[in-house]
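To start, the structure under review is shown below, and the notes come after it.
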Amino acid sequence: MPFAAIDLPLIKLIVKVGVPLMLVLFGVCYGLFQWMYSQVSPQRGALVASARAKSLRSQGDLTAALREINKAVELDPQNPEHYYDRGMVHREREDDTSAWADFTQTIQLNPTDGVAHFMRGIISHKREQFREAVTHFTEAIRLLPDNANFYFCRGLSWKPLGEPELALQDFTQAIELDPKLVSARKNRSQIYSARGDFREALTDHNQIIDANPKDSSARNRRGILWYQLRNYSRAIEDYTAAIQQEPESSTYYSNRGYSRRDTGDIEGSLADFQESLRLDPRNTHALSGRAGLWVKIGRGREALADAEQTCQIDLPEGQAIRGLVRISLGQFDAGFRDLKEYQRRNPNDASAANRIAWMRASLADPGARNSEEALHYARMVCEMTNWKIPSWLDTMAAALADAGRMDEAVKLQRQVVEMLGDNSSEYQQRLDLYLSGRPHRKEYAQL
């Protein structure tokens, strides 16, 4: 079409109507862009602040980290991760109240956050609110059932609630999920040891030492287990290895002294107790061991002197040692008076009550036995542990047998044997005694 033929009125109409329309459309688009940017920009800013907070936290600058994570929460208050991150900063600042509030807010925004439930359990455990801790750990496990640490921590909360079997189950599950979780093996071993299942405890400690052969404390603990199993030569091997790794440990020398004493190595035992006391003159365990050594070789005066020295360092523990020394010397009334006073001062020490019950029920000398007291203290220790620890039930059975209640003793001892399974040979021997109508008797055991 020739230039001269263009429809000028049409062009004027387009300009008159189209340009304003374009301006309106541009304004709408610009407003929409501003709205979208207002929504995206705070979230992006929150992510930037959160990243800075994490970096500062890893550097140990918790004050600056808290400042940055506060910005993230302000910019994006509906993001549960920011509250969780702030809760972790509060935890490291030892502000558990603020941490609890943030973990709670995390759960309110995201109820399926298992780690936030776990952290509330950690805080409850620290506050010694163990029942509440179990509840939080259980919820965390429900949400994340393959996390070994969740089971381990719930096990730790079961222990002070007097639920060793539930704790044992959790430690076992933690180990199945993570066989390298040494802390779970250590705690499971403690439960096995407390109930007299020393071979199972030994299996755990073998694994712990295999994982870290230079762990002197694990060597020492395994030595204690060998000692409990009366394998004194293996105990001495472990104590010696621990001493080589940590030669300034008074405890390791003391422990080896006990094993050497019970193998008849009087000179080696005395040398170990002397070295232990040189390293730590206030080591009451070494003083007790040396007192027992003096008793064994007929030096009662020296034994009582060590017991009296222990009383000066720690009166309650000294009373326990002095009581044992007096009993070993045939001074039964004075000895049990000391042991009962120690137990009175330490009412939560199950082993103290068990020791009185065991000796009152089973010592060979009639002057040492007292059926009424044996039953009283045996019942006390069993009630303290919810009748779930085989070695304590074994004591109760001995007290029942001493009192002539053989049918009850047999029934309870059978329960002990069943609980311990393959590790019950010693307990089976006592069951055989009770089945024959005879109580358990023994000469005074060394301290």
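Some observations on this one:
- The label point for TYR444 and the one for GLU302, both projected 7 Å from the Cα toward the Cβ, are 1.7 nm apart.
- Straight-distance candidates among the lysines for linking to LYS186, with alpha-carbon spacing under 29 Å and chain neighbours fewer than 8 residues away dropped: LYS126, LYS159, LYS214, LYS388.
- Cα gyration tensor, the range 282-369 - rounded (a/c under 1.5), prolate or oblate: oblate
- Degrees separating the helix 284-296 axis from the principal Cα axis of the chain, which is the longest one: 20 degrees
- Net charge of neighbours whose Cβ lies under 15 Å from the Cβ of ASN79, counting Lys and Arg as +1 and Asp and Glu as -1: -3
- For the chain, the longest principal axis of the C-alpha atoms and the axis of helix 62-75 are separated by about 40°.
- Whole-angstrom gap from the range 137-188 to the range 337-365, using each part's C-alpha centre: 32 Å
- If you sort the three axes of the alpha carbon gyration tensor as a ≥ b ≥ c, you get a/c of 1.5 or more for the range 339-447 and a/b no higher than b/c, which makes it oblate.
- Cβ-based net charge around LEU56, under 14 Å, with every Lys or Arg adding one and every Asp or Glu removing one: +3
- Taking Cα centre as origin and charging only the Cβ of basic (Lys, Arg, +1) and acidic (Asp, Glu, -1) residues, the dipole magnitude of the chain rounds to 200 debye.
- Between the alpha-carbon centres of the range 201-230 and the range 57-103 there is a gap of 41 Å.
- Packing-based order for 118-126, 76-84, using average beta carbon neighbours within 10 Å, highest first: 118-126, 76-84
- Dividing the mean sequence gap of close Cα pairs (under 8 Å, 6+ apart) by how many residues the chain holds gives a relative contact order of 6 percent.
- Net +/- balance of residues flanking GLU94 in space, Cβ distance below 13 Å, scoring K and R +1, D and E -1: +1
- Against the chain, whose longest principal axis is taken from its Cα atoms, helix 182-194 shows a tilt of about 30°.
- Between the beta carbons of ARG142 and LEU315, assuming R0 = 41 Å, the FRET efficiency works out to 0.25 to the nearest 0.05.
- Between SER124, SER183, TRP100, the Cα set farthest toward the positive side of the dipole of the range 72-190 (charges on each charged residue's Cβ, about the Cα centre) is that of SER183.
- Whether the range 91-219 is rounded, prolate or oblate, judged on the alpha carbon gyration tensor where a/c under 1.5 counts as rounded: prolate
- Positive-pole candidate from SER41, LEU144, THR203, dipole of the chain, charges at beta carbon: SER41
- For the chain, adding -39500 (n - 2.57) for each run of n ≥ 4 DSSP H residues and dividing by the number of residues yields -25500 deg cm²/dmol at 222 nm.
- Of the residues VAL417, TYR444, ASN386, the one whose Cα sits farthest toward the positive end of the charge dipole of the range 328-447, with +1 on the Cβ of Lys and Arg and -1 on the Cβ of Asp and Glu, is ASN386.
- Between GLN43 and VAL115, the modelled label-to-label distance comes to 2.0 nm, taking each label 7 Å out from Cα in the direction of the beta carbon.
- ASP95-ASP210 pseudo-label distance in nm [points 7 Å out on the Cα-to-Cβ vector]: 4.7 nm
Bear in mind that the values in this text are calculations on the coordinates, not laboratory data. None of the values given here were measured: they were computed from a predicted structure. No Cβ is skipped: glycine too gets one built from the backbone with ideal geometry, and neighbour counts run over all protein chains shown.
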